[in-house]
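Just below is one structure, and these are the notes that go with it.
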Amino acid sequence: MMNATTFVGLDVHARSIKASALDVVTGEVSNATFGYDHVAVAEWVRSLPQPAKCAYESGVTGFDLQKKLSALGIDCVVGAVSKMIKPAADRKRKNDRNDAAFLARMLSVGNVVEVWVPDDGCEAARDLARALEDAREEVTRSKQLMSKFLLRHGHVFDETTPTGRRKKNWTAAYWAWANSISFAEKADNDALAYYVDRVRSACEEKARLEKLVAAEASKPRWKRRVDSLRCLKGVDVATAADLVFEAGEFARFKNARSFAAWIGLTPSEHSSGESVHKGGITKAGNRHLRRALVESAWHYLGCSAHSKEMAPGQAPDPAARRHATKGVRRLVERREALLERGVHKNKANVATARELACWAWAVGLMAEGHNA
């Protein structure tokens with residue numbers, strides 16, 4: 001048993017906190033309800049038999065309460081909700097009090113998997129990178145809305161080059177074509193103007209956030225790891241920053257497999273006895289990184305196995321760069337082998353992404369000064 005007398009479960013919501021404390025010496029259970037007030041929670045925890053340890057589930061409320069309680073000297077952890085083992089009998093008796101009591105019991109027997117809590121600087125960098133992802137999604141959404149609006153009115157961009165190749169959308173030629181469109185109804189012209197402004201505004205915001213992420217990635221805390229990860233083909237500044245910001249510290253993962261599992265890129269499995277069945281990836285992890293790595297893996301479909309040239313100002317760890325060169329060669333060979341076996345290109349790409357995650361972990365670990 002952990003070195004604590006009282007274990008406190010906190011069911012945290014946007015405006016309320018339900019607390020349940022279990023004294024393992026006497027078996028006494030105490031309950032309390034608070035607004036979202038860390039000071040009140042800390043005072044109540046101090047009134048309990050000491051030492052006391054608190055926990056609440058990871059979720060949309062983030063790490064704010066944990067950081068505030070820790071600053072007041074309260075031992076508080078965030079438990080991974082995906083690792084909570086909840087009895088089937090409790091499924092139809094869910095309420096805040098029971099959830100808090102359940103957390104207190106799990107904490108008392110050491111059955112809470114603690115989430116790594118990033119410091120304020122790391123969390124701010126994460127937020128910036130995730131804002132960039134939101135901006136990318138907004139660009140995609142805005143372009144879809146505009147193109148489908150034009151399609152409903154019979155307008156489709158179909159210009160070709162002198163060789164007969166169709167020109168791509170969202171180029172200068174496309175915008176010249178879109179600006180030439182005029183409708184008989186003023187309302188339609190107003191709608192088109194709205195969609196055009198929305199696309200351009202979204203693209204400008206995306207470009208602005210890309211510069212901000214690049215500036216954050218160039219800070220001394222991140223630069224060595226970001227530059228080292230950029231030695232992997234398919235990994236640009238934004239993707240390398242995503243990996244570094246989200247991981248925080250690559251050394252906190254005991255091996256490459258655990259890092260890939262944290263991202264959700266490991267195969268699912270449903271085996272029992274002599275029956276072994278493996279399915280698609282679990283997708284139970286960091287969606288942000290999973291998407292970034294799957295997109296990066298497409299570069300290995302046609303790239304060479306040679307090392308990636310360094311960009312101006314890039315200063316990777318020498319050992320990490322050498323390891324990244326091995327990784328590029330291995331990933332290209334791996335992708336070719338999968339395609340030769342007849343594996344579907346999408347499945348091969350995800351398999352490549354999983355291995356890319358492992359190489360990224362090793363390169364990032366070496367950039368931190370550890371042996372992979």
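The values are calculated or read from the model by the stated rules, or taken from the named source; none is laboratory data. Here the structure is a predicted model, which means the values were calculated and not measured. Using ideal geometry, Cβ is built from the backbone for each residue, glycine included, and neighbour counts are taken over all protein chains shown.
Would you mind finding the one in Ala351, Ala360 that is surrounded by 17 or more Cβ atoms within 10 Å (Cβ to Cβ), without any contact (Cβ under 8 Å) to a residue 40 or more places away in the chain and either acidic (Asp, Glu) or in the same structural domain as Asp236 (by TED's automatic domain parsing) (or both)?
Numbers: Ala360 fails: without any contact (Cβ under 8 Å) to a residue 40 or more places away in the chain.
On inspection, the qualifying residue turns out to be Ala351.
Take Ala124 and tell me if it is surrounded by fewer than 14 Cβ atoms within 10 Å (Cβ to Cβ), modelled with pLDDT of 95 or more, under 27 Å from the mean Cα position of the chain (by Cα) and among the aliphatic types (A, V, I, L, M).
Working: surrounded by fewer than 14 Cβ atoms within 10 Å (Cβ to Cβ): yes; modelled with pLDDT of 95 or more: yes; under 27 Å from the mean Cα position of the chain (by Cα): yes; among the aliphatic types (A, V, I, L, M): yes.
Spelling it out, Ala124 is indeed surrounded by fewer than 14 Cβ atoms within 10 Å (Cβ to Cβ), modelled with pLDDT of 95 or more, under 27 Å from the mean Cα position of the chain (by Cα) and among the aliphatic types (A, V, I, L, M).
So Arg198 fits all but one of (1) free of Cβ contacts under 8 Å to residues at least 40 places away in the same chain; (2) over 20 Å from the mean Cα position of the chain (by Cα); (3) within 30 Å of Ser147 (Cβ to Cβ); what number is the exception?
(1)
Select from the range 16-38 the residues that are at pLDDT below 95 and of a type in the set (D, E, K, R) and write down the one among them that is farthest from Thr5 (Cα to Cα).
Glu28
Glu43 fails exactly one of the following numbered conditions: (1) out of contact with any Phe, Trp or Tyr (no Cβ under 6 Å at 6 or more places or on another chain); (2) in contact (Cβ under 8 Å) with a residue 60 or more places away in the chain; (3) more than 30 Å from Asp127 (Cα to Cα). What is the number of that condition?
Looking at each condition in turn, Glu43 falls short on (2).
One line per residue, one yes/no per condition, for (1) in contact with a Gly (Cβ under 9 Å, 6 or more places away or on another chain); (2) over 17 Å from Arg287 (Cα atoms); (3) not hydroxyl-bearing (Ser, Thr, Tyr); (4) not assigned by TED's automatic domain parsing to the domain that holds His13:
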site	(1), (2), (3), (4)
Arg91	no, yes, yes, no
Ala104	yes, yes, yes, no
Asp127	no, no, yes, yes
Glu133	no, no, yes, yes
Val139	no, yes, yes, yes
Ser142	no, yes, no, yes
Ser147	no, yes, no, yes
Leu150	no, yes, yes, yes
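Which is basic (Lys, Arg) and either crowded, with 20+ Cβ neighbours inside 10 Å or not in a helix (DSSP H, G or I) (or both), of Arg321, Arg329?
Working: Arg329 fails: either crowded, with 20+ Cβ neighbours inside 10 Å or not in a helix (DSSP H, G or I) (or both).
Exactly one residue qualifies, and that residue is Arg321.
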